[in-house]
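Working notes, structure below.
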Amino acid sequence: MHTVLRSATREVVIGDDQPFCLIGERLNPTGRKIFAEQLRRGDLSRIAVDVEQQLAGGATMLDVNMGVPLADEAELLGRAITMVQELSDLPLVIDSSVVEALEAGLAAYQGKALVNSVTGERERLDAILPIVARHGAAVIALPNEEDEIPDEPERRLEITRKILDVACGEYGIAQEDIVIDPLAMPVGADTTLVKTTLRTIELIHDELGLNMTLGASNVSFGMPGRPALGAAFLPMAMQCGLTSAIMDVRSPQIVEAVKAADLLLGNDDWGAAWIARSRALAAAAEKTA
């Protein structure tokens, strides 16, 4: 199953027979006090730096979140989407929990975006899915309801089926345009949580064949050695059926692990991308030396 996203000039295909989709997470003020304060003042200049760094890191798409307390998120998101599309031709993930902000972001966007996100509560489905359908977008869906994050992978699969029934059956959204977030939780809080996520990925892949994404940084939150944990986790998740991740593409260790997994899982024909990447890195190192 292929999920196709577009900017004005570029297309990205997400699928388990495609190279893993690296969605840059950096355009987000969460945990970034200086950036948040700049946005609160209406200063978007830092976005140019973040876009450049993520392009250099090898991002396939970029997630854009402008959720700043005491700021007009809809106005900021619309401006940010326009600015990012002037700086890059990568397709975008429009990331907000605010309906008005999603409307503003999708109205400003040129192409077919991925909306982040909707949960399984009926109220949220009825608020978000009409916007997704009206703009011809795709959407990330999280298999949780109200305040419940199910412990059992089978329950997450059940909620995923419910979301599909509503999205496809009632709002006419194509099944391939539903991307599931199997819910990655911090391993530092409970070392069994990663196994739950991996099992959820397996179930959704085997039972429904849907594409999936998740916040890869969630897994290592609060732990030392975060790049090493990310570099170990993502290839494991890819083997189970994960096809994209919202992640820190500025981390060479994590990106290298994903590219190696693409090769080893058969999604890099003849190793062409791996060889080209290795040669480019060697050339850059030689130039620096």
Region 132-183: C-alpha gyration tensor shape, a/c 1.5 cut-off, then a/b vs b/c:
prolate
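Dipole of the chain, Cα-centred, from +1 at each Lys and Arg C-beta and -1 at each Asp and Glu C-beta, to the nearest 20 debye?
Numbers: 25 positive and 43 negative charges, 215 e Å.
Charge dipole of the chain: 1040 debye, to the nearest 20.
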Strictly over 30 Å apart at the Cα level, which of K112/K287; K33/K259; K162/K195 would you flag in this model?
K112/K287; K33/K259
When a footprinting reagent is the concern and you count Cβ atoms within 10 Å, what order do M238, M66, M83 take, fewest first?
M83, M238, M66
Among G24, G67, G225, which one shows the biggest mean-square fluctuation in a GNM of the chain, springs joining Cα atoms closer than 10 Å?
G225
Based on other C-beta atoms within 10 Å, arrange D248, D89 from fewest to most.
D89, D248
Projected label distance in nm at E11 and I275, using a 7 Å step from Cα toward the beta-carbon
2.7 nm
With +1 assigned to the C-beta of every Lys and Arg and -1 to the C-beta of every Asp and Glu, and no other charges, what is the dipole magnitude of region 24-86 about the Cα centre in debye, to the nearest 20?
200 debye
Considering only DSSP beta bridges whose two residues both sit in the chain, what percent are antiparallel, to the nearest 5?
20 percent
Taking the chain as a Gaussian network, Cα atoms linked when under 10 Å apart, which of L70, L106, L229 shows the biggest mean-square fluctuation?
L70
Using a simple spin-label model with points 7 Å from Cα along the Cα→Cβ vector, what separation in nm is obtained for L87 and L264?
3.4 nm
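If you scale each eigenvalue of the Cα gyration tensor by 5 and take the root, what three semi-axes come out for region 1-137, rounded to whole angstrom and sorted largest first?
Semi-axes (√(5λ), whole Å): 22, 20, 13.
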I'd like the FRET efficiency for A284 and R122, computed as 1/(1 + (r/R0)^6) with the beta carbon distance as r and R0 of 41 Å, rounded to 0.05.
0.20
Before rounding to the nearest 500, sum -39500 (n - 2.57) across all DSSP H runs of length at least 4 in the chain and divide by the residue total; then give [θ] at 222 nm in deg cm²/dmol.
-14500 deg cm²/dmol
Principal semi-axes in Å for region 141-289 [√(5λ), Cα gyration tensor, largest first]:
31, 19, 12
Here the alpha-carbon Rg of the chain over 2.2 N^0.38 Å rounds to 0.97
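Each value in this text was obtained by applying a stated rule to the coordinates, not by laboratory testing. Computed from a predicted model, the values in this text were never measured in an experiment. As a convention, Cβ positions derive from the backbone with ideal geometry for all residues, glycine included, and neighbour counts pool all protein chains shown.
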